[in-house]
Amino acid sequence: MQPFSLDPRLAADSLAVADLPLSSLRLMRDSRFAWLMLVPRKPDLVELLDLTEEERSQLMREIAFVGEVLKAETGCDKLNVGALGNMVAQLHVHVIARFSGDAAWPGPVWGSGTAVPYPAGAAEALALRIAERLPKIA
């Protein structure tokens, strides 16, 4: 078995926020959406089924935990959670803050326009605010 490594596309499209017990928490580099991603730090994962039952339960706890943090940070109208993996096979789960009237509303964020980079320092500032909220929601 190979050690865990983050898919290069996921690494390029996101910024590290924090490590949770199972997953690496990352912020997508698209300022149109407050969009987090959890990537379980286990090698060779493609499907949720590749996790043990205990790991699947842990991932669900982390999804709910991150959703609470994201909702508290953004005041969003709705949270979208998805694990598609059509473009990048490595198992990863998206948790996206949605607002009625956002750039893709009411449709999905995937395939909706082109990502808009954050202004200099803004992504890092958001990642830091999210990381600082993590212990408060636990």
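Some observations on this one:
- Pro108, sole failed condition from (1) farther than 27 Å from Glu132 by Cβ; (2) within 14 Å of the chain's Cα centre (by Cα): (2)
- Close pairs (9 angstrom Cβ cut-off, 6 or more residues apart or separate chains): of a type in the set (Asp, Glu) in the stretch 51-73, modelled with pLDDT of 95 or more and open to solvent by less than 10 Å² (accessible area, probe 1.4 Å) anywhere: Glu55/Pro40; Glu62/Ser23; Glu62/Leu25; Glu62/Leu38; Glu62/Pro40; Glu62/Val93; Glu73/Ala97; Glu73/Ile130
- Filter pass, Ala120 being under 17 Å from the mean Cα position of the chain (by Cα) and among the aliphatic types (A, V, I, L, M): no
The values are calculated or read from the model by the stated rules, or taken from the named source; none is laboratory data. Values in this document were obtained by computation on a predicted structure and should not be read as measured data. Heads up, the Cβs are rebuilt from the backbone with ideal geometry, glycines too, and the neighbour counts pull from every protein chain shown. For the accessible areas, the whole protein counts, side chains as well, though only heavy atoms, and no ligand, DNA or RNA atoms are used. Shrake-Rupley method; radii C 1.70, N 1.55, O 1.52, S 1.80 Å.
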